[in-house]
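Single-structure report; data block below.
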Amino acid sequence: MLFRSRGQSIYRGSKTYGYFGGGWLPSYISTITRLDFSNETVSDPGNNLPTKRDGSASISNNSYGYFGGGFSPPNINTISRLDFSNETVSDPGKNLPTVRNSPAAFSSSFYGYFGGGYAVPNINTISRLDFSNETVSNPGKNLPTARSGSAAFSSSFYGYFGGGYAPGPSSISTITRLDFSNETTSDPGKNLPTARKNLTATSTSSYGYFGGGQDLTPTLINTISRLDFSSETISLPGKNLPSSRQNLAATSSNFYGYFGGGFTPTSISTISRLDFSTETVSDPGKNLPTARNVEAAVSNSN
């Protein structure tokens, strides 16, 4: 099972494409850019989000990718759906109960979860999308702390929200865990080594990786922190992004994680690749057609 950042989902099988949607550069955009995992070519196929926006979160199942919330402006609650079979994009009308931007999101096998976000002020609400009928609800199992600008991924049994922005300390290091069996949330105390916000995340079946962001100083960072799903220990393996940046997005194939775009200190188009087998990170030179930041990303499993 694999997962992508800012809201992505668990997959079985071979993944074909990654999609980066929306963002800012230096105005709001609706562009969906496609990364072909077979050859790492990048293109804009022209099937874009119905609304220009940044700060969305994304989830997906085997059939659809969903981009939820964001800033248009103003903050919105729209969930746009990307049909992986034909790459058409629509607004089916099943939206988040609360308008917000910069939430984080991940998926279990049956549900997608959007957590936190900025809704003047930050909120701790977790909204759930039921993949079977696309209904959206607030089940009442929320984050212990209101925050925005977090990143998220999932293992087979748990979803993890890491870091983010919370008033007071600004950047935080907290990792909150959602138990898929009963949807309870907790802070088990296994946190990021450094407080940071506006980061992103990707994962394999064994590890989750949080990349980039802005720390408390505030300084942009290139750090990749690794969460071991078997023990929930956090470490710094020392295999970091080639450049420091925040407000980036990530997607993944079965073999690589791709960190795209971001702000450092201007919008960039760079796609950095994490090799899951060795945890080495490189810039292969297959970049987004346009520099942008505060985008979201998903991948399919055709």
Being over 17 Å from TYR28 (Cβ atoms), under 16 Å from the mean Cα position of the chain (by Cα) and touching a residue at least 24 places away in the same chain (Cβ under 8 Å), is that true of even one residue in the stretch 82-99?
-> yes
For the stretch 33-51, pairs from a residue that is more than 11 Å from GLY18 (Cα to Cα) to a residue that is of a type in the set (Asp, Glu) and in a loop (DSSP other than H, G, I, E, B), with Cβ under 7 Å and 6 or more apart or across chains, are PRO45/GLU87; ASN47/GLU87; PRO50/ASP91
Single residue of THR176, THR217, THR280 found to be under 17 Å from the mean Cα position of the chain (by Cα) and not basic (Lys, Arg) = THR176
If SER205 passes every condition in (1) farther than 26 Å from THR290 by Cα; (2) of a type outside the set (Phe, Trp, Tyr); (3) without any contact (Cβ under 8 Å) to a residue 60 or more places away in the chain; (4) in a loop (DSSP other than H, G, I, E, B) but one, which one does it miss?
-> (3)
State yes or no: is SER102 under 16 Å from THR185 (Cα atoms), open to solvent by less than 30 Å² (accessible area, probe 1.4 Å), under 15 Å from the mean Cα position of the chain (by Cα) and modelled with pLDDT of 95 or more?
-> no
A careful count of residues in the stretch 1-46 that are part of a loop (DSSP other than H, G, I, E, B), at pLDDT 95 or above and surrounded by 14 or more Cβ atoms within 10 Å (Cβ to Cβ) gives 3
Looking at PHE259, PHE210, which is the one that is modelled with pLDDT of 95 or more, open to solvent by less than 30 Å² (accessible area, probe 1.4 Å), touching a Leu at 6+ places or on another chain (Cβ under 9 Å) and closer than 21 Å to PRO45 by Cα?
-> PHE259
Here are some residues: SER252, SER243, SER230. Which one is open to solvent by less than 30 Å² (accessible area, probe 1.4 Å) and of a type outside the set (Phe, Trp, Tyr)?
-> SER252
Would you call LEU216 surrounded by fewer than 17 Cβ atoms within 10 Å (Cβ to Cβ), part of a loop (DSSP other than H, G, I, E, B), in contact (Cβ under 8 Å) with a residue 12 or more places away in the chain and hydrophobic (A, V, I, L, M, F, W, C)?
-> yes
Result of the Cβ filter at 7 Å on the stretch 169-185, keeping first residues that are closer than 19 Å to SER109 by Cα and hydrophobic (A, V, I, L, M, F, W, C) and partners that are open to solvent by less than 30 Å² (accessible area, probe 1.4 Å) and not in a strand (DSSP E or B), at least 6 apart or interchain, is PHE180/SER108
Residues within the stretch 75-99 that are among the hydrophobic types (A, V, I, L, M, F, W, C), open to solvent by 20 Å² or more (accessible area, probe 1.4 Å) and assigned to a strand (DSSP E or B), tallied = 2
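The values are calculated or read from the model by the stated rules, or taken from the named source; none is laboratory data. If you're wondering where the values come from, they're calculated on a predicted model, not measured in any experiment. Neighbour counts run over all protein chains shown; Cβ positions are idealised from the backbone, glycine included. Areas reflect the complete protein model, heavy atoms only, side chains present, ligands, DNA and RNA absent. Shrake-Rupley method; radii C 1.70, N 1.55, O 1.52, S 1.80 Å.
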